[in-house]
1. Output the number of residues of segment 4-28 satisfying the condition of being under 15 Å from the mean Cα position of the chain (by Cα), surrounded by 13 or more Cβ atoms within 10 Å (Cβ to Cβ) and either at pLDDT 80 or above or farther than 27 Å from S101 by Cα (or both).
2. Spot the failing condition for D92; the list is (1) acidic (D, E); (2) free of Cβ contacts under 8 Å to residues at least 40 places away in the same chain; (3) surrounded by 14 or more Cβ atoms within 10 Å (Cβ to Cβ), and only one is missed.
3. Counting only residues that are surrounded by 13 or more Cβ atoms within 10 Å (Cβ to Cβ) and of a type in the set (K, R), which one in segment 139-190 is nearest to the chain's Cα centre (by Cα)?
Amino acid sequence: MFIYNKNDSSVPPYEFFGGRFIRPDYLATAAKEGIPDKFGPIPLCKADAVTTLAEGKLLIAEKQTSNNEQNPYCYKINYVTSTKAGLIIKSDSGRKISSVSAKAAQKWDSMRKAVSRQIETVEPTVRLRKVTVTSAKAPLYTSPNSDATTSMYLVRGDMIEILDDNNPDRGWIRIRYITKSGKALDSWIQSRDLE
């Protein structure tokens with residue numbers, strides 16, 4: 001996993017192995033139920049420090065071995081914050097994570113440039129509109145076409161974010177749904193299934 005500031009190439013990047021993004025609002029659930037993994041839930045590692053989350057923080061769960069025979073692996077949490085001085089990453093033990101070396105940063109530079117061109121520029125003050133699913137069972141689609149149905153669906157009460165509602169008159173809206181495990185699903189849904 002490669003983390004960098006796309007708006008400032010002078011800010012050094014960070015690199016994680018065995019890491020995955022989780023939403024801040026999923027952290028309490030992860031602490032109780034663990035983080036879903038290939039063969040089952042993996043618990044969070046015991047944290048030495050309690051970090052209070054501020055809005056806009058990104059969390060990276062990093063898998064590591066533990067000394068527990070029952071749970072040989074656990075996930076430590078790294079808190080990523082963007083400041084005027086650059087990116088700051090601290091682990092749940094309170095230790096500040098170091099960025100990659102200058103030599104390693106050069107290796108990542110071409111990827112940073114290529115990826116940054118692909119990322120939409122969205123002002124940080126823009127908030128996606130959230131709405132609720134009103135249909136008992138609302139199918140998800142890969143494109144705004146009734147032939148593009150998937151096996152996935154949402155149910156009444158599920159909260160989604162509107163990504164594109166420029167053409168609701170055609171009956172389709174592009175949405176994002178965040179699963180309980182923190183995974184983001186970007187799909188299309190029929191507008192009649194929403195409030």
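1. Selection size over segment 4-28: 7.
2. So the condition that D92 fails would be (2).
3. Only one residue fits best here, namely K183.
So that you can scan it fast, the table gives a plain yes or no per residue for (1) at pLDDT 80 or above; (2) among the hydroxyl-bearing types (S, T, Y):
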site: Q64; (1), (2): yes, no
site: P72; (1), (2): yes, no
site: G86; (1), (2): no, no
site: S93; (1), (2): no, yes
site: K103; (1), (2): no, no
site: K107; (1), (2): no, no
site: V122; (1), (2): no, no
site: V133; (1), (2): yes, no
site: A138; (1), (2): yes, no
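The values are calculated or read from the model by the stated rules, or taken from the named source; none is laboratory data. Source: prediction; values computed, not measured. Neighbour counts are summed over all protein chains in view; Cβ atoms, including those assigned to glycine, are modelled from backbone coordinates with ideal geometry.
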